[in-house]
Amino acid sequence: MTQKVLKRITNAMDSDKKLGYLLIFPSLLVILGVMLYPFLYSLNMSFSKMDFANRTMNYIGLDNYIRMFKDSYFINSLRLTGYFTIVTVIAEISLGIAIALVLNQKFKFRGFVRGIMILPWALPSVVNAIMWKWIYNPNYGALNALLTQMHIIGEYRDWLGEPSSALHAMIFANVWKETPYVVLLVLAALSNISGDLYESAKIDGANAWQAFWKVTLPIVKPVIVVLAIMKSIWAIQTFELPYILTGGGPGGGTELLSFYIYKATFKFLDFGMGASMAYMITLVTFVLSLLYIKFLSKDGEIV
Amino acid sequence: MLAKKFTLSIVLVIFVCLIVSGCGDSSSSNKGSGSSNEKQKITVLLPKHEMDNVGFMEKETRQFEKETGIQVELINMSWDNVADKITVEMASNANSYDVIELDNSWVAKFATNKWITPLNEFIGSEIKEGVLPGLLDKFSYNGDLYGIPWNNDTRFFMYNKKKLDAAGISEPPKTWDELKEQSKILMDKGLVKYGFIDSLMQAQSGMNELTFMTYSFGGNYIDGSGQVNLTNNAPLIKAYEYLRKGLNEDKFIDPASITSNYETVADVFLKGDTAFFLQAWPGLYQTANDPDKSKIVGEIAVAPYSPGVDESSSTVLTLPEAMAIPQSSKNKEAAWKYIEYMSSKKFDKKKAQEIGALPIWTDLFNDSELLAVYPYWKDFGKQSLKAKGLQDILWYDQFSNVVQVESIKILLGKNSIEDGFKAIESNVAQFSK
């Protein structure tokens, strides 16, 4: 009996194609279970209202999506997330390229400096947020002490006490942590550029600035495009900084989208609207990725 | 080739068998294990008591196990983590826990959603008559009791007596005007940086402080019909004016209040940079006298009152926490035994003696043994008479969020009080219907 079953399975695997399907079947089951099912379940949730007392989900059509756009706090978080994303991505990539160009030069202790450079990125996000919370502390923070001793400010300030300064303080904390990753990837790309290219450019009369624009940048461009996409997605999903550093305050001035979704879902128990907002993030991320690719690459292709 | 395929097919068959057996009904493997001799096991999820630095709850839980034979898995986390875990647990109707934290602001929501078990059939007359009535009321909804308090977290007005003496101030302020005057005297004499710092950060601690301020100015965000009514609400306008001027014009309130939580406020007070702690938790008195944690050892005192517009509006905030049994628990009897043990008068007294936690039993406030150890509890008792809890409404979390966000805009001067109040009303209107 067992032999017959095994023979049948062996026969079924006669072609490589069939064998391939059979082998990926278990992985497919897992993927369907942990990705597709929750994806569809939350999509259903975004069109429903949860009734906790009766344990039911009532279909309400697009009501959650309509409510979402009427919610001034959601619109505010969307605006803040957009600003946060644009500023952090531009700052991180510009700074990252500049630092990478410096670290690509030959100088004493270069290896050591490169090693130190990566440290902020190696810090867990939560630790980074807690660390900056202490640095910005209005009464005993290191930033106030430093700036006062350098006579840049006259008295201690509450850096997180104003919506605008809090948002920028949060952006700074994010840029500090995320820039090394850009440095790392750009350095890797720079190390692949042959010195002959720069020599040819020099013979053709190009100065350092022109060599950067005409030789370096086109070669590292694919890496920059990938970085811009990845960084945008990560920035849109930023959660730990508002959660730990500011609590979304003051006055909702740092309430980024991910944090507001968490509040709507788990604090207000509005699972329907939470799901619809999460789909909004997915959509925005998708559209942004397409835009970046179109804008930064020639003929719509990254090569 | 055939041998390779044969091996692969065997691996595949084993894999499928494993999946099928894993997905099978696990109860079948436990058949026969449900005998009466088996130890009952319950899982308890509670935040750590802020004064329990000696593992008191853990030790007593093990004692409970010895006495009853019921095995207990005690999970302690920060309040925020516990809140998140319980919300997900309740919403998904899972049954991981048998005893859970019930915060005073959750009662309406948890009871309406039928997430927790009414305890009416469990409690005896001793608890009904002996536990502080205000505490039991806080955990009752529509006539049913849902939680037994385990943490009488009432806040008290404390001050730095040594600094007041040095400034020639004979008694702590009774009114908000006196608080401002005394703060300015202390600041002018260089004894403090600010009169006080408040925890107004955009978080529940900020909402607690705003609620306390509005109560002690004789107001409330919620009117008698359970609606948010701020238009022409004179006491509320006065409370916000006082805070706004204190932060920006008179500058006797530390501007860092906008981003401070309870820990920050305690830190500043314990360093001696402020003189007043408006709503200190009971354990702060002991912390302030611990030389490892405080620079004001032997300097603080508890006032027999809390500041108000006048004596009638003087208020302290009570934020008690209770233990409740989820509807989904399969071990309700054992869970109740744990709650009963952990809230008994004997246990409550021991807890007060060992970690200084405030009792939940009325009698214990006059217990001579406890008063000998904690003489300042007499003043706690006087302030307790004016204790009030948070608003008991079904949409409390949304309401709290709106008040936190819009109030900071008012206090920072980004919005006028009138416009800010309108923003609170309009934002609250969408879910309070």
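Basic side chains Lys and Arg get +1 at the Cβ, acidic Asp and Glu get -1 at the Cβ, and with that the dipole of segment B:158-232 about its Cα centre reaches some 340 debye.
When the convex hull of the C-alpha atoms of segment A:103-222 is computed, what volume per residue in Å³ does it have? Intermediate values should be presented prior to the final figure.
Working: hull volume 20.8 nm³, N = 120.
It comes to 174 Å³ per residue, whole-number rounded.
FRET efficiency for the pair residue B:382 and residue A:164, taken as 1/(1 + (r/R0)^6) with r the Cβ-Cβ distance and R0 = 51 Å, rounds to 0.70.
Which helices pass in chain A if a helix is a full DSSP H run, must span at least 18 angstrom along its long axis by Cα, and must have mean Kyte-Doolittle hydropathy not below -1.0?
Working: long enough: A:16-31 (22 Å, 1.23); A:72-103 (45 Å, 1.57); A:163-190 (39 Å, 1.15); A:217-236 (27 Å, 1.98); A:271-296 (37 Å, 1.68).
Span-like helices in chain A: A:16-31, A:72-103, A:163-190, A:217-236, A:271-296.
On C-alpha positions alone, give me the angle between the axis of helix B:234-248 and the longest principal axis of chain B, in degrees, nearest 10. Orientation of helix B:234-248: about 80 degrees from the principal axis.
Taking loop as defined by DSSP and a crowding limit of 13 other beta carbons within 10 Å, which GluC sites (Glu not before Pro) in segment B:212-279 fit? Qualifying residues, ordered by number: B:249. When the listed pairs B:193/B:251; B:245/B:409; B:295/B:350 are checked against a 20 Å cut-off, the alpha-carbon distance exceeds it for B:295/B:350.
Let a ≥ b ≥ c be the square roots of the eigenvalues of the Cα gyration tensor of the protein assembly as shown; is it rounded (a/c under 1.5), or, if not, prolate (a/b larger than b/c) or oblate? In terms of gyration-tensor shape, oblate. In summary, the lysines within cross-link reach of residue A:18, defined as a Cα separation below 28 angstrom excluding same-chain residues under 8 places away, comprise A:4, A:7, B:4, B:5. Tell me which of A:184, B:370, B:342 sits at the most positive position along the dipole axis of the protein assembly as shown, charges placed on C-beta atoms (Lys, Arg +1; Asp, Glu -1). Final value for the positive-end residue is A:184.
Each Lys and Arg contributes +1 and each Asp and Glu -1, all at the Cβ; summed about the Cα centre of the protein assembly as shown, the dipole is approximately 2660 debye. The value of relative contact order for chain A, using C-alpha pairs under 8 Å at least six residues apart, is 25 percent.
Could you size up the charge dipole of chain B around its Cα centre, putting +1 on the beta carbon of Lys and Arg and -1 on that of Asp and Glu, and report it in debye to the nearest 20? The partial results should precede the final answer.
Working: 46 positive and 57 negative charges, 185 e Å.
So the dipole magnitude of chain B works out to roughly 880 debye.
What's the FRET efficiency of residue B:121 with residue A:35 using the Cβ-Cβ distance as r and R₀ = 56 Å, to the nearest 0.05? Between residue B:121 and residue A:35 the formula returns 0.80.
Taking each residue of B:251-261 in turn, how many C-beta atoms of other protein chains fall within 10 Å of its C-beta, and what is the average? Numbers along the way, then the final one.
Working: counts 0, 0, 0, 3, 6, 10, 3, 9, 15, 6, 1.
Average neighbour count from other chains, rounded to a whole number: 5.
Dimensions of segment A:1-135 from C-alpha coordinates, computed as largest minus smallest value along each principal axis and given longest first, are 73, 51, 26 Å.
Can you give the average number of partner chain beta-carbon atoms within 10 Å of each beta-carbon in peptide B:196-207, as a whole number? List each step's numbers first, then the result.
Values: counts 0, 2, 0, 0, 3, 7, 12, 4, 2, 1, 3, 0.
Averaged over the peptide's residues, the number is 3.
Pairs of Cα atoms nearer than 8 Å and 6+ residues apart set the relative contact order; for chain B it is 23 percent.
The shape of segment A:150-303 comes out oblate: with a ≥ b ≥ c from the C-alpha gyration tensor, a/c is at least 1.5 while a/b does not beat b/c.
Across segment B:333-433, the mean sequence separation of Cα contacts (distance under 8 Å, 6 or more residues apart), normalised by length, yields a relative contact order of 15 percent. Here the label points at residue A:203 and residue B:327, each 7 Å from Cα along the C-beta direction, are separated by 8.3 nm in the simple model.
When peptides B:377-385, A:16-24, A:80-88 are ranked by their average number of other Cβ atoms within 10 Å per residue, the highest-first order is A:80-88, B:377-385, A:16-24.
Based on the mean of other beta carbon atoms within 10 Å per residue, what is the order of B:289-297, B:110-118, most packed first? Mind showing how you got there, number by number?
Working: B:289-297: 12.8, B:110-118: 19.9.
Highest-to-lowest ranking by the protection proxy: B:110-118, B:289-297.
Averaged over the residues of peptide A:265-274, the number of Cβ atoms from other protein chains lying within 10 Å of each residue's Cβ is 4.
Counting only DSSP H runs of at least 4 residues, each contributing -39500 (n - 2.57), and dividing by the residue count of chain B, the helix-based mean residue ellipticity at 222 nm comes to -13500 deg cm²/dmol.
What is the packing order of peptides A:263-275, B:223-235, taking the mean over residues of other C-beta atoms within 10 Å and listing the highest first?
Values: A:263-275: 21.8, B:223-235: 13.8.
Those peptides, ordered most packed to least, come out A:263-275, B:223-235.
Kindly identify chain A as rounded, prolate or oblate by the Cα gyration tensor criterion: order the square roots of the eigenvalues as a ≥ b ≥ c, call it rounded if a/c is under 1.5, otherwise compare a/b with b/c, prolate if a/b is larger, else oblate. Here chain A falls in the oblate category. Return the single residue from A:225, A:89, A:215 with maximal mean-square fluctuation; model: Gaussian network over chain A, springs between Cα atoms under 10 Å. Of A:225, A:89, A:215, the most mobile in the Gaussian network model is A:215. Here the Debye sum runs over all C-alpha atoms of segment B:32-152 as equal scatterers in vacuum, and log10 of I(q)/I(0) at q = 0.10, 0.11, 0.15, 0.21 Å⁻¹ comes out as -0.36, -0.44, -0.83, -1.42.
Read-outs throughout are calculated quantities, based only on the coordinates presented, and are distinct from any laboratory measurement. Here the structure is a predicted model, which means the values were calculated and not measured. Please note: Cβ atoms are built from the backbone with ideal geometry, for glycine as well, and neighbour counts cover all protein chains shown.
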